[in-house]
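The values are calculated or read from the model by the stated rules, or taken from the named source; none is laboratory data. Predicted model, so just to flag it, every value in this text is computed and none were measured. All Cβ positions, even for glycine, are placed from backbone atoms using ideal geometry, and neighbour counts span all protein chains on display. Ligands, DNA and RNA are stripped out before the accessible areas are found, and what is left, the full protein with its side chains, is counted by its heavy atoms. Shrake-Rupley method; radii C 1.70, N 1.55, O 1.52, S 1.80 Å.
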Amino acid sequence: MKDISRLALVLTLITAGSALLLAMVEKVTREPIAQQRRLVTLGALKAVLPPANNSPDQDTVSLVTGKDSKGNDEQTTFYRGRKDGAVSGVAFRVVAPDGYSGSIAVMVGIEPNGQVSGVAILQHAETPGLGALIEGESWKNQFKGKSLDNADWRVKKDGGHFDQITAATISPRAVVGAIRKGLEFYKANKDQIIGG
Amino acid sequence: MDKTLYISSSPHVHEGGTTAKAMRDVIYALLPCVALWIYSFGIIKPSVVMALCIIGCMASEAAWEKVRGLPITIGDGSAAMTGILLALNMPPNSPWWMALLGGVAAIVIGKQVFGGLGYNPFNPALIGRTVLLISFPVQMTTWMMPRTHEITSATPLSDVKIAVGLTGNIPDEIKAQLGSVLFGGFGGQLGVVSGFALIAGGCYLIYRKVITWHIPVSFIGSAFVLSAIFWAVNSSKYPSPVFHLFTGGLMLGAFFMATDWVTTPITPKGMLIFGAGCGILTILIRLFGGYPEGVAFSILLMNSATPIIDRLTMPKKFGLVTQKG
Amino acid sequence: MNPVSELKRGIWTENAVLKLGLGLCPALATSSSVENGIGMGVAATFVLICSNVVISAMRKIIPSKVRIPAFIVIIASFVTVVDLVMAGFLPDLHKALGIFIPLIVVNCIILGRAEAYASKNAVLSSAVDGIVMGIGFTVALVAIASVREILGNGSFFGINILGSGFVPMLLMILPPGAFLAIAFLLAGMNQVSAEK
């Protein structure tokens, strides 16, 4: 009995000590981590939105964009960039579920008239040197200025307007399809997104 | 399979067979196909690719054995044959360094690290091809059309895969081209261009008793039966069995790669299981896998199953009684 | 205790990855570039030194019946510290190493040194053991990562060194390349040791 209480006491002391240490470290790093997260979002927003002089990550509206596998509503946050008060562009995250390995998260920026102002790849697990080339600047830049009206949103191999990548068609096809869905949602809900 | 093997007591007469002789037979059997491919892809480029593959294999074998202080075995022709088979699995317009590197990878990673001829668990030529396919997917899937020499990334198998993925159906133009598949009218591995030259070479090997009929027949037969079942269920989505047999590397694989002595089972029953496994896996990878072609992967997978197949199909010793209890 | 011979022990004769075969999982997974290799090596070295020191200091208090849970709590605390600090101050490295930071907890090197060395030796020599073992782990990771990054990406430490004509050998930055690189390095080391 005495032995067991000694074991418990030592383990309690060790866990208490480590809890104390972690609490201190968490306190110190809480601010920088939140700051880094915000910088990542801001960086992606800045890359895809037309010039703005507000803080797009503070000027948001959330809409229900679909249902997840359990039938619950899925929300998407729309970030609005403003130039001198007027909305100059909207950015939001679209997810391509059909990448070569897992889903690809893309940040799309759209001008009020429905043209794409920029695209950033937020997250992917595509093959390095092949599918991962979707992160290349020249590949992402081909979307600039394109809208549902002036482009066929498929890769060239499928008869559309957008370049695939040699030997890797699946990743570009997934990204192009996801952006098209995003544009369609924007077109259908433009008033709510910009006005709300 | 119920043949009885009679062994008299020694001395035995050596029939004079050596590794070098068998390799020479395999090379003879490949000659008509090699000649046809070199001719149909414009002579110079495919000859260079083949020469570099052979040089890569033989040079790395000699260099490795020299460094390790082993007897140099490039005279037995097995390295040269690995080089030829590797070349037949590559685009004829491959860059020079890719052919060399493929030869080195085949011999070093596929054979010498395991201890040389006789110890390698996997077919070296296929290891070379797989290393190249994963490393250089762009170059390894840029094929040449025979005769016209047009550069294309499309093979009949990849066309079917893309079309089925997009629309769920096989386009009519691919169906219409089926006739030319038989005589090598499509882009693709050098080794697929003419099924008939390969069948002829394979028959020569069986006639010369370098290989037995078991693996080719069960490989091709199981691929035929499985693809025929899918085709019968839905012929607009799944290509016909004839298409499967004469596209990709199936004939080359069935006669020349899946019959490698070292990496395949030694019992007749084991050979039948091995061939059937290859055929079934090939069709499954082609129809449902990520890659349009599955011959190389299925043979390598079955290579890894060879020891257990051998153990399970080992014939009983004559007169052996299983002990009870 | 001679520092030079200790260092030789950590890097060569008892190299955790290439001689003892410990820590193979992070060595395979985080060696696709030299930068990631160094990041992982330094993070693991930090945890190793801290845990060795603390475990050595407490070796007389911790009852042997509960030593494994006690070691794991101590190691996990330091790993969490590294995870939080990296997320706050080195976000890019944190993103690249991802799941492998928390997995340092189960890195056999660290528990292995705690059990085999720190729990039986004085604080100072345990600290030295942590340093040399950590350096050995880092050196092994950098060696593996150099092979993989040069062949698989044509670059060293992110700088292109083989020119634009070089076609990278993708196999080497994909998982099979890690196995090949480790195998050939290990074979080479054994060959050299055998010749001595």
Pairwise centroid distance, computed over Cα atoms, of region A:23-40 with region B:208-226, Å: 64 Å
Gyration tensor verdict on chain A (Cα atoms; rounded if a/c is under 1.5, prolate if a/b is larger than b/c, oblate otherwise): prolate
Derived scalar couplings ³J(HN,Hα) [region C:12-24; Karplus, 6.51 cos²θ - 1.76 cosθ + 1.60; whole Hz; x for Gly, Pro]: 10, 5, 10, 4, 4, 7, 8, 10, 8, x, 9, x, 5
Cα long-axis angle, helix A:170-188 against chain A (0 to 90 degrees, to the nearest 10): 80 degrees
Chain A: angle of helix A:2-48 to the longest principal axis, Cα-based, in degrees nearest 10: 20 degrees
Accessible area, probe 1.4 Å, largest first, for residues A:Lys144, C:Lys65: C:Lys65, A:Lys144
Theoretical FRET efficiency, 1/(1+(r/R0)^6), r = Cβ-Cβ of C:Ala116 and B:Val113, R0 51 Å, to 0.05: 0.95
Accessible area per residue, Å², chain A with all protein chains present, probe 1.4 Å: 54 Å²
For the pair B and A, total buried accessible area rounded to nearest 100 Å², probe 1.4 Å: 500 Å²
For region B:43-110, accessible area per residue (1.4 Å probe, heavy atoms of protein chains only), Å²: 38 Å²
Under Karplus coefficients 6.51, -1.76 and 1.60, residue-wise ³J(HN,Hα) of region A:112-121 in Hz, glycine/proline x: x, 7, x, 8, 6, 9, x, 9, 10, 8
Residue-level accessible surface for B:Ile266, protein heavy atoms, 1.4 Å, Å²: 110 Å²
Cα-Cα P(r), the protein assembly as shown, percent of pairs per 20 Å interval: 14, 37, 35, 13, 1, 0
Degrees separating the helix C:175-195 axis from the principal Cα axis of chain C, which is the longest one: 70 degrees
B:His14 accessible area, assembled protein chains, probe 1.4 Å, Å²: 140 Å²
Ranked order, A:Trp139, B:Trp213 - accessible area, probe 1.4 Å, largest first: B:Trp213, A:Trp139
Positions from region A:113-143 whose accessible area shrinks by 10 Å² or more when the full protein complex is built, not the chain alone, probe 1.4 Å: A:Leu122, A:Thr127, A:Pro128, A:Gly129, A:Leu130
For region A:1-22, residues shielded by at least 50 square angstrom of accessible area compared with the chain on its own, probe 1.4 Å: A:Leu7, A:Val10, A:Leu11, A:Ile14, A:Leu22
Area hidden from solvent between C and A (accessible, protein heavy atoms only, 1.4 Å, total, Å²): 1800 Å²
Chain A, relative contact order [Cα under 8 Å, separation at least 6], %: 15 percent
Amide H partners (placed H, <5 Å) of A:Leu122, local residues excluded: A:Ala105, A:Val106, A:Met107
Heavy-atom accessible surface of the protein assembly as shown: percent carbon and sulfur, 1.4 Å: 65 percent
Average Cα contact separation per residue, chain C, under 8 Å, 6 or more apart, as relative contact order %: 35 percent
Over 23 Å (Cα to Cα) - which of B:Lys209/B:Lys269; A:Lys70/B:Lys237; B:Lys45/B:Lys209; A:Lys157/A:Lys190; C:Lys19/C:Lys65; A:Lys83/A:Lys146 fall in this group: A:Lys70/B:Lys237; B:Lys45/B:Lys209; A:Lys157/A:Lys190; C:Lys19/C:Lys65
Antiparallel DSSP beta bridges within the protein assembly as shown, percent to nearest 5: 95 percent
Accessible area in square angstrom per residue, region C:1-46, 1.4 angstrom probe: 43 Å²
Calculated FRET efficiency for the pair B:Ile44/A:Glu137, C-beta based, R₀ 45 Å, to 0.05: 0.70
Pairwise label distance in nanometres, B:Leu31 with B:Arg208, each label 7 Å out on the Cα-Cβ vector: 0.9 nm
Qualifying GluC sites (Glu not before Pro) in region B:1-79, DSSP loop, other Cβ atoms within 10 Å at most 15: B:Glu15
Normalised convex hull volume, chain C, alpha-carbon set, Å³ per residue: 127 Å³
Mean-position separation - Cα centroids, region C:116-195 and region B:76-108, in angstrom: 29 Å
Within straight-line cross-link reach of C:Lys95, lysines at Cα separation under 27 Å, skipping those fewer than 8 residues along the same chain: A:Lys27, A:Lys46, A:Lys140
Only Lys, Arg (+1) and Asp, Glu (-1) charged, at Cβ; the protein assembly as shown dipole about Cα centre in debye: 1320 debye
